[in-house]
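Heads up, the thing below is written out as structure tokens.
Please treat every number below as a calculation from the coordinates, not as lab data. What you see is a predicted model, and the numbers here were worked out from it, not measured in a lab. FYI the Cβ positions are ideal-geometry reconstructions off the backbone, even for glycines, and counts take in every protein chain you see.
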Amino acid sequence: MKIKFLLIALLFAGRVVAADQTAYYNARVDTFRKDKNVYDVVMVGDSLTERGNWSTFFPRIKVANRGVSGDSIQGVLGRIETIRGTGAKRAFVMIGVNDLLSGGMTAAEIIPLYESLVDRLHGLGMQLFVESTLYTDFPGRDKTNEEIKEVNRAIADFCNPRSTSV
């Protein structure tokens, strides 16, 4: 499987707002559906993605921002068509921390969902760059960061079978 796994070795210092796929999520997805532009790259993820000013960072590349604050892997799975609709040939994906922080999931529960997401996106014919889930500084971070480390290791192994560590 030709998928790149990018390890982002940063501590996430912000605060995550839980996504419950209510009005805000639905409004973002509706905006995505109405966007008929064709892009080179699509950025997929949660608040860290949404808040990125990608056009400023990459002025010569048409970048679709498909980040939704507080989003989860299930949320991204639920809006695959809005990602496909960008026409992008490359996708950068960073998701998963909200599943742990707000969704109360474990790494063992997240990994199969993440693999399903990678398979679905890869099936769209895009070159896929899966970024590591960022560590957190939330209370109880040691346990959460251990779960994040486990998710990152599993996704790196899934995306690159020759990968040995994260």
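Brief remarks follow.
- Extreme residue, farthest from ASN98 (Cα to Cα), among residues of the stretch 117-137 that are surrounded by fewer than 16 Cβ atoms within 10 Å (Cβ to Cβ) and without any contact (Cβ under 8 Å) to a residue 40 or more places away in the chain: GLY125
- Sub-7 Å Cβ pairs linking a first residue in the stretch 138-152 that is under 13 Å from GLY104 (Cα atoms) to a second residue that is not in a helix (DSSP H, G or I), at least 6 apart or interchain, are THR144/THR136; THR144/PHE138; GLU147/THR106; ILE148/THR133; ILE148/TYR135, ordered by first then second residue.
- The residues in the stretch 87-121 that are among the hydrophobic types (A, V, I, L, M, F, W, C) and over 27 Å from ARG33 (Cα atoms) can be counted, and the count is 6.
- Residues in the stretch 65-87 that are surrounded by fewer than 24 Cβ atoms within 10 Å (Cβ to Cβ) and touching a strand residue (DSSP E or B) at 6+ places or on another chain (Cβ under 7 Å): ASN65, GLY67, THR82, ILE83.
- If you go through the stretch 40-86 and keep only what is touching a residue at least 24 places away in the same chain (Cβ under 8 Å), in a loop (DSSP other than H, G, I, E, B) and either closer than 21 Å to TYR114 by Cβ or more than 18 Å from the chain's Cα centre (by Cα) (or both), you end up with ASP46, LYS62, VAL68, SER69, GLY70, ASP71, SER72, GLY78, ARG79, THR86.
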